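Note sheet for the following structure.
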Amino acid sequence: MRRLALPAAVLAGAMALTTGCGGSDEGAGKPELTVGSPYMPQPVSDMAAGFLTVVNEGGAKDELTSVSSDIAGSVTVHETVGQSMRETDSLTVPAHGRLVLESGGNHLMFEKLKRKPKQGEKVTVELHFATSDPITVEMPVKAATYRPATGH
């Protein structure tokens, strides 16, 4: 019985030290989101696309669950799989990673536009997440043929 008591005590002491010292990385267990490179190509119909990058510096993933804008009847989140795009309920923003919404890939679709924004204007959108607070983004309207020089 004595042989088991010493290793058990050592193990318990090591676990207490690990638990007590492990909290030095504040925010490691939650998402920390920022948004960059937003834009909307000038629409040519009553629909438009939107592109941006959500960066997560935090230690937990989050999910983009919906988007709203007063310029559109609805804004939907689309994923691209192979050569097909389809509406999806959410897109993951990985911990210590990024969600890239880009032309030819995952993107936003603005449907039933109330008006067609012109190049040089800004469209306000609100991004909603599963865990994080909503983020409001001013999305500049670019030429219909605009392609970012550095990509997303």
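Here are some notes:
- Segment T92-T76, length gained on full extension (0.36 nm per residue, minus Cα span): 4.3 nm
- Relative to its residue count, region 26-152 spans a Cα convex hull of 106 Å³ per residue.
- Gain upon complete extension [E57, I135; 0.36 nm per residue less C-alpha separation]: 26.6 nm
- From the C-alpha gyration tensor of region 24-96, square roots of 5λ in Å: 28, 14, 11
- Cα-based shape type of region 61-104, given that a ≥ b ≥ c are square roots of the gyration tensor eigenvalues and the cut on a/c is 1.5: oblate
- Straight-distance crosslink candidates among lysines, where the alpha carbon sits under 27 Å from K118 and sequence neighbours closer than 8 are dropped: K142
- Cα lying deepest toward the dipole's positive end in region 30-118, options M109, G59, L91, charges on Cβ: M109
All of the numbers you see were taken from the coordinates with simple rules; none came from a lab. Small disclaimer: the values here were computed from a predicted structure and weren't measured. We place every Cβ from the backbone using ideal geometry, glycine too, and count neighbours over all the protein chains shown.
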